[in-house]
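Structure first, then comments.
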Amino acid sequence: MPALGQTSESAAAMPTTPSYPKSERGTVSEELFGRTVADPYRWLENDVREDPKVAAWVAAQNKVTDAYLNGLPGRDIFKARLTALFDYERFGVPVREGGRYFYQKNDGLQNQSPLYVRDSVEGAERLLIDPNGWSEDGATALGEWTPSKDGSKLLYAIQDGGSDWRTLKILDVASGQVLADEVKWVKFSGLAWAKNGSGFFYSRFPEPKEGETFQQLNINQAVYFHALGTPQEKDRLVYATTDRPKLNHVAEVTDDGKWLVIYSSEGTDDRYEVTAIDLTDPKMGRKIVARGLEHSWNLAGSQGDTLFFVTDLDAPRRRIVSIDIASPGRVMREIVGQDQAVLDGASIVGDTLLASYMVDVKSAVRRYSLAGKRLGEVALPGIGSASGFGGEAGEPETFFAFTSFDRPTTIYRYDSATGEADVWAAPKVAFDPEAYAVEQIFYASKDGTKVPMFIVRRKDLPKGPAPTLLYGYGGFNISLTPAFSASRIAWMEQGGVLAVANIRGGGEYGKDWHNAGRLASKQNGFDDFIAAAEYLIAEGITAKDKLAIQGGSNGGLLVGAVVNQRPDLFAVGLPAVGVMDMLRFDRWTAGRYWVDDYGHPGKAEDFATLLAYSPYHNIKGGKDYPAILVTTADTDDRVVPGHSFKYTAALQAAKAGPRPHLIRIETRAGHGAGKPTDKIIEETADVWAFAAKNTGLDVKAVK
């Protein structure tokens, strides 16, 4: 463990309560299902790029927040240490096509990760794409990418300023030349090459109306085929549902190039209709695989007309089935039945099915024959999260990544025929992983449900309450598995504790765990998170005046909701890009999808539930709230920043105690994906310094 020096200045020098900018209070109110609901800050929903009044409000808020954050004693120390911790070489999982190996790598402090290629697995690497020169501020990122089957072309997406919108381009791999082809208005899309390399399939929305690029509802998505060397207006419409405009469509091509598999969904739930299109048929005949938006379906691989799927049909923790789509009635056969563990995914690699499971929130990977015979397990390096395992029939080589809270991501090359794994890329980091202990405990929630939680801290940390960061999400069937974060190391090496609660609403135990924390049961997730805080306090790990809570997106909603319900329980709240207005979330961009987890604000039975916990509507004046730092970004077109703007204005206007209630608004950044490294470091330094100041963490320079 590195030696610790002295603080740069006394924490007591900072003022407690800033002077907030004035937020104009409007008179908007509505009668909704017999209730009068005030919405005084609705004007803050307007796009900051289009409304000068909102832009002025953002500037005024950032001025106050910057003045507070810049004076925090630990900020510069955190920034310097985060810069050192981020400065390590890190690799993505390679993709092999045509004998070439494609992967992203960041040298350490590059704002965006360049893309490289090797002509053999141990060959010399060659730079293909370096997005760091695409913009002066480093906020234009390389998004999704996929090589053609022969490895001669690379299809890639450009993401600007953190937006979900993508522009597609094509690179000739041998020459490095970018072709003239360009495809716009792509969002939430798969990228799938035709096997012969003549073009690719993608999904896009209609071009937004002028001035509504970052707020317009996303409807009428369709699948198109783009032939190389042709303009986008000539792209062939492959699949659309104009009679059902809310359906999204994502396409992928089987490894043999015969079938185009299209998944259609309406919300965020893993409930799909599946259509297969025969690409060898000039008429592109369609086969219906699944209808009804009732179950999850994810392609694991194919053998001619037999498609292998992971599904939750008759299996809430999922199983593997095969479907002969050329047969009358689409004959289905179970290959691997449901287990006590949750099946995350599967893929055919060589002649083996590799199935990734989650066992009490930790990875296990099992090997099966294509007939379903158990062949053993993939030996993993320890307790953590494994991902990757992409491949195809007939090729036993695959790659996977392994990570844990105390171990940075390492890339392994795996042979599915022999079961042997070798390290392909391992990082060297500026801290000692052996200095940290990772513990998993199970605590009782309000209704007695046992909830898992990871607790991570320095092994030499003295006993007694310590400043603690409690993180949660609890939604959309998303699981919080062990993963490395250089940012969190900076918090923990100062003596802070990290706790990650796997609350209901996530996918940690399958469909039942998800269902138990959404819709009318959403309060269960809040109760789980509150119980996690109470456990940490009761066990002496932390204390009320030392506990910070953090979450992003749905996790930002979580933080906002539990702070309203138990303002006495926390010292700090850190809601990031949160869904804060539960009565209007479905009106912008992707918000309409979220009704699967939240319900419909326009339905009486859902309205009452949503109003009861909506962070914006339930701020309690007259209560002493914890210190709160809201974070969002001007280009977030997933959870539009108006959510955070309205919540902050209402919080600052309430008589909610003397502790600071601030908002940090990033420019040219979005919901998180594609954020430049320097912006991540700056924001994390601000957030950790704020949390340290208000939990009593004594920040010292690391030597």
Worksheet entry | Computed log₁₀ I(q)/I(0) - Debye formula, equal Cα scatterers, no solvent, segment 94-244, q 0.11, 0.16, 0.19, 0.20 Å⁻¹ | -0.46, -0.93, -1.22, -1.31
Response to the item:
With T = 4 °C, eta = 1.567 mPa s and Kirkwood Rh from C-alpha pairs, the Stokes-Einstein D of segment 568-703 in µm²/s is about 80
Discussion item. If I model a spin label at ASP305 and ASP51 as a point 7 Å from the Cα along the Cα→Cβ vector, what separation in nanometres do I get?
Written reply: 5.7
Worksheet item: Around ASN70, with a cut-off of 10 angstrom between Cβ atoms, what is the net charge of the other residues, counting Lys and Arg +1 and Asp and Glu -1?
Response: -2
Worksheet item: Out of [x] 31.4, 107; [y] 25.2, 77; [z] 28.4, 98, which label holds the value of Rg and Dmax of the Cα atoms in Å that was computed here?
Response: [y]
Worksheet item: In nm, to one decimal, how far is the ALA180 label point from the MET332 one, both placed 7 Å along Cα→Cβ?
Response: 4.8
Discussion item. Amide H of GLN303 versus every other amide H placed in the peptide plane: which residues, excluding those fewer than 5 positions away on the same chain, fall under 5 Å?
Written reply: PHE308
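Leaving out ligands, DNA and RNA, and with a 1.4 Å probe, what % of the accessible surface on the chain is carbon or sulfur? The partial results should precede the final answer.
Numbers: 12950 of 26810 Å².
Percent of accessible area from carbon and sulfur atoms in the chain: 48.
Note the full-extension length gain between ASP351 and LEU228 as 0.36 nm times their separation in residues minus their Cα-Cα distance, in nm to one decimal. Please list the in-between numbers first.
On the way: separation 123, 0.36 × 123 = 44.28 nm, distance 3.30 nm.
Answer, rounded to one decimal: 41.0 nm.
So, counting K/R as plus one and D/E as minus one, what does the shell of residues with Cβ under 9 Å around LYS79 add up to?
Values: positive: ARG75, ARG81; negative: ASP76, GLU682, ASP686.
Charge balance near LYS79 sits at -1.
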Discussion item. Can you work out the Karplus-derived ³J(HN,Hα) for every residue in segment 400-408? Use 6.51 cos²θ - 1.76 cosθ + 1.60 with θ = phi - 60°, whole Hz, and x for glycine or proline.
Written reply: 9, 10, 10, 8, 8, 4, 10, 10, x
Item to complete: Any chance you could check the Cα centroid distance between segment 122-189 and segment 641-695 for me, in angstrom?
Response: 31
Worksheet item: lysines within cross-link reach of LYS623: Cα-Cα under 26 Å, excluding same-chain residues under 8 positions apart?
Response: LYS22, LYS446, LYS522, LYS544, LYS546, LYS646, LYS655, LYS693
Practice prompt. Taking the chain as the reference, fit the longest principal axis to its C-alpha atoms, fit the long axis of helix 554-565 to the helix C-alpha atoms, and give the angle between the two in degrees, 0 to 90, nearest 10.
Written response: 30
Worksheet item: Mean shadow of segment 566-638, computed from the convex hull of its alpha carbons, in nm²?
Response: 5.7
Worksheet item: Mean separation of Cα pairs under 8 Å and 6+ residues apart, divided by the residue count of segment 578-703: what relative contact order is that in percent?
Response: 24
Worksheet item: Sorted by average packing, counted as other Cβ atoms within 10 angstrom per residue and highest first, what order do 431-438, 419-426 take?
Response: 431-438, 419-426
Worksheet item: Any idea what the relative contact order of segment 559-647 is, in percent, if you count C-alpha pairs under 8 Å spaced at least 6 apart?
Response: 43
Item to complete: Check the straight Cα-Cα distances from LYS195 and name the aspartates and glutamates below 18 Å, setting aside those fewer than 8 residues away within the same chain.
Response: GLU97, ASP150, ASP172, ASP235, GLU252, ASP255, ASP256, ASP278, ASP281, ASP305, GLU392, GLU395
Response to the item:
Once both label points are put 7 Å beyond Cα along the C-beta direction, the SER369-ALA604 separation in nm becomes 6.0
Worksheet, complete the sentence: Residues meeting the amide H criterion for PHE399 (H placed from the backbone, H to H distance under 5 Å, 5 or more places apart or on another chain) are PHE389, GLY390, TYR414
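Using a Förster distance of 41 angstrom, determine the FRET efficiency expected from the C-beta separation of LYS544 and ASP130, and round it to 0.05.
The pair LYS544/ASP130 has a calculated efficiency of 0.30.
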Worksheet item: For VAL121 and ASP76 in the same chain, what is the full-extension length gain: residue separation times 0.36 nm, less their Cα-Cα distance, in nm?
Response: 12.0 nm
Fill in: Theoretical gain in end-to-end length, SER521 to ASP66 [0.36 nm per residue, Cα-Cα removed]
159.9 nm
Discussion item. At a threshold of 8 angstrom on Cα-Cα distance, excluding pairs fewer than six apart, so keeping six or more, what relative contact order does the chain reach in percent?
Written reply: 13
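Ordered by packing density, taken as the mean number of other Cβ atoms within 10 Å over each peptide's residues, highest first, how do 362-373, 188-199 rank? Mind dumping the intermediate values first?
Values: 362-373: 17.1, 188-199: 18.7.
Packing proxy ranking, top to bottom: 188-199, 362-373.
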Discussion item. Within segment 329-345, list the residues whose amide N lies under 14 Å from a label point set 7 Å along Cα→Cβ of ILE288.
Written reply: 329-330
Worksheet entry | Label point 7 Å beyond Cα of ASP324 along Cβ direction - residues of segment 292-314 with amide nitrogen under 13 Å | 304-307
Fill in: Karplus (6.51, -1.76, 1.60) ³J(HN,Hα), θ = phi - 60°, over segment 584-589, in Hz, Gly and Pro reported as x
9, 4, 7, 9, 10, 5
Discussion item. As I understand it, the value is the acute angle between the Cα axis of helix 677-695 and the longest principal axis of the Cα atoms of the chain; what does it come to in degrees, rounded to 10?
Written reply: 40
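The values are calculated or read from the model by the stated rules, or taken from the named source; none is laboratory data. Owing to the predicted nature of the structure, the values given are computational and were not obtained by experimental measurement. Glycine also receives a Cβ, built like all others from the backbone with ideal geometry; neighbour counts cover every protein chain displayed. Accessible surface is based on the protein model in full, side chains and every heavy atom, while ligands, DNA and RNA are left aside. Shrake-Rupley method; radii C 1.70, N 1.55, O 1.52, S 1.80 Å.
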